[in-house]
Amino acid sequence: MINKFACVLCVLLSSVTFITMAQQIDQIGKKGGVTLGGGISANQVYRSDAQQGINPYAMVLAGNINTSLYGVSVPLSFAWSNNQWSYTQPFNQFTMSPSYKWVTAHLGWTTMSFSPYSLNGHSFAGVGVDVKPNTKFSISAMYGRLLIATKGDTLQGVDPQYKRMGGGFKTKYTFSFGEIGVHFFNATDETTKPVEYIDSLGIVPQDNMVLGTTFSVRPFERLSLNGEVSMSSLSNDKRISSATDFGGAATFQYAAVKTDLTYSTSIGSVGAGVEYVEPGYNTLGSYYMVNDFVSYTLNLATVLVNGKVNAAATLGVRESNLSKQSETDQQDVVTNLNVGFVPSEKVSFNLTYSNFYNYSFIRPLFDETNVHTSYELLDTLHFTQISENIALNGNWMMKDTEAQKHTLNGGVNWQQATQTQSDAVENSNSSFINGSGGYSWGLVKQDFSLGLNLNYSRNTMPDNISEAYGPILSIRKGLFNKTLLNNMSVSWNGTYVDKLKNGNVITARWGTNYTLKKQHRLNFSLAWSQRNRLIGPSVSYTTATLGYSYQFSLKKKTNNE
């Protein structure tokens with residue numbers, strides 16, 4: 001009962017603080033005038049390969065408008081389409097963020113982050129606010145719908161879900177030698193309108209409450225101590241017990257702690273950190289959460305060779321399976337390394353390595369090469385847990401004059417996937433390699449460029465190995481003082497399964513953009529692909545896009561200016 005009262009009291013105090021500060025907003029200024037700017041675009045997309053029952057024609061409307069009325073800024077952005085494009089992530093969205101001095105509101109679809117263990121980048125439809133009246137105190141708050149109730153789609157592997165509402169706040173106060181903050185978040189599934197058949201799939205309504213604090217202390221100029229403690233109370237079935245029913249049969253409490261100590265020197269910094277996330281820790285304010293581990297790390301950063309080498313490293317030990325639910329205990333040496341090497345103004349290299357757990361959307365270069373529209377690459381939230389990642393990139397500006405530019409670049413990325421704590425098991429125990437390299441040549445005065453790239457993708461799955469590789473030739477030419485831009489590309493990719501060729505894909509694109517008076521832009525693009533299979537018929541399809549966009553800026557001054 002005391003804990004319940006403490007949580008309610010925190011919410012009430014934050015509300016009173018917000019109302020008090022909101023009443024302090026002074027009268028809108030008399031100077032500044034009225035300004036209106038932004039852009040609006042409309043695109044029509046036609047696909048010849050639309051499935052039966054799906055409209056092959058799609059309209060996409062998008063825009064951003066920023067209005068300033070005597071010091072009050074009101075940014076507005078929206079996107080609408082008669083095609084959803086992605087099942088799990090809504091495309092039609094509206095966002096408005098009016099601000100005046102130290103107050104900013106967020107209305108519509110937006111994202112906010114309070115803590116990695118609380119609300120962490122989860123999109124919601126509702127209202128949010130950021131208030132910072134001075135350099136010492138700030139507060140952020142939100143309330144809205146995190147998930148919409150859906151029946152799911154078994155054909156696409158999407159489970160049904162309850163409607164989920166959430167709200168919370170984050171405060172921070174800065175003093176002379178540090179800062180302290182408090183965050184609170186609550187999310188709950190609504191069961192007033194139960195989703196059909198959801199119980200038969202084992203999906204139950206959840207309820208979650210997270211309360212935490214952060215701190216940063218600088219006892220000396222070069223020394224800093226940072227930390228965070230968060231507690232999450234999670235009900236696995238709110239029909240049995242809620243998140244505030246701490247002794248309930250379906251409610252469990254978990255803890256997460258993170259702290260680090262850093263000392264800065266003239267040539268870099270050195271520090272140490274500890275992170276502990278209790279087994280079972282989860283928050284409904286984040287799409288993915290890694291728990292059941294403790295890690296001890298040593299952090300180093302330095303600049304060498306007169307600034308030509310920048311290096312940062314995190315070394316440590318991570319122990320997982322703290323709950324002893326797995327058959328084997330795990331103790332790993334964890335490493336995060338980033339090295340940048342710039343031997344000259346024309347040559348640069350970058351190497352990164354990490355075996356910390358993170359989530360990534362797996363998208364082979366093969367998909368990006370053959371996609372017809374950018375809407376097909378929308379994030380569908382089907383992320384994969386990555387346990388190891390290596391990336392190496394290099395760039396060489398071979399020639400850079402007023403007449404010509406010659407550039408050589410290349411890169412390779414390797415990822416090891418695990419799926420120990422995620423529902424998306426389709427990439428379990430898999431590895432992915434994406435590599436690309438190319439050469440580009442440009443004539444500056446003629447506004448002409450030519451590029452040749454080679455791409456390679458390899459996905460090693462538990463049951464097979466799939467590969468795709470091939471070249472891409474691209475040409476770009478500007479005409480009529482760069483008002484008419486033309487782009488053309490042709491790519492060929494051979495596809496292989498277990499080193500046996502199973503077909504190839506040829507994709508050709510042509511696009512043109514015409515700009516009139518720097519405000520109006522007309523664009524047209526045409527993409528054609530043909531998939532040739534060794535077994536089965538070949539398939540070809542075409543996508544055409546026609547669009548118009550308008551950029552504007554208006555300003556009206558007052559008599560006082």
Legend entry - Relative packing of 333-341, 217-225, which averages over residues the other C-beta atoms within 10 Å, highest first: 333-341, 217-225
Inset, instruction - First measure r as the distance between the Cβ atoms of LYS132 and THR35, then evaluate 1/(1 + (r/R0)^6) with R0 = 41 Å and state the FRET efficiency to the nearest 0.05. - result: 0.95
Legend entry - ASN358-LEU69 pseudo-label distance in nm [points 7 Å out on the Cα-to-Cβ vector]: 4.3
Legend entry - Neighbour-count order for SER266, SER474, fewest beta carbons within 10 angstrom listed first: SER266, SER474
Inset, instruction - Subtracting the Cα-Cα distance from 0.36 nm times the residue separation, let me have the gained length for LYS101 to THR192 in nm, one decimal. - result: 28.7 nm
Legend entry - Karplus-derived HN-Hα couplings along region 205-210 (A = 6.51, B = -1.76, C = 1.60, θ = phi - 60°), whole Hz, x at Gly and Pro: x, 10, 9, 9, 9, 10
Inset, instruction - For ASN291, enumerate residues with amide H under 5 Å from its amide H, sequence gap 5+ or separate chain, H modeled in the peptide plane. - result: none
Legend entry - Per-residue HN-Hα couplings for region 54-62 [Karplus 6.51, -1.76, 1.60; θ = phi - 60°; Hz; x = Gly/Pro]: 10, 5, x, 9, 10, 10, 10, 10, 8
Legend entry - For peptides 385-397, 110-122, 301-313, sequence by mean Cβ density within 10 Å, most packed first: 110-122, 385-397, 301-313
Inset, instruction - Subtracting the Cα-Cα distance from 0.36 nm times the residue separation, let me have the gained length for SER269 to THR174 in nm, one decimal. - result: 31.9 nm
Inset, instruction - Give the distance, in whole Å, between the Cα centre of region 161-226 and the Cα centre of region 484-532. - result: 44
Legend entry - Modelled FRET efficiency - R0 22 Å, GLN519 with GLN44, Cβ distances, 0.05 increments: 0.60
Inset, instruction - Pull out the extension gain between ILE506 and GLN51, defined as 0.36 nm times the separation in residues minus the alpha carbon to alpha carbon distance; nm, one decimal. - result: 161.7 nm
Legend entry - From phi via Karplus (6.51, -1.76, 1.60), per-residue ³J(HN,Hα) for region 526-531 in Hz, x at Gly/Pro: 9, 10, 9, 9, 9, 9
Inset, instruction - Name the residues whose placed amide hydrogens come within less than 5 Å of the amide hydrogen of GLY178, ignoring near sequence neighbours (fewer than 5 apart) on the same chain. - result: ARG218
Legend entry - Order by protection proxy (mean Cβ within 10 Å, highest first), peptides 483-494, 509-520: 483-494, 509-520
Inset, instruction - Quickly work out the GLN551-to-LEU61 label distance, labels modelled 7 Å from Cα along the C-beta direction, and quote it in nm with one decimal. - result: 2.3
Legend entry - Estimated distance in nm for a label pair at ASP159 and ALA313, the labels positioned 7 Å out from Cα along Cα-to-Cβ: 4.2
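Here, each number is a calculation from the coordinates, and none is a lab measurement. Quantities reported herein were computed from a predicted structural model and do not represent experimental measurements. Note that we place each Cβ from the backbone using ideal geometry, even for glycine, and neighbour counts take in every protein chain shown.
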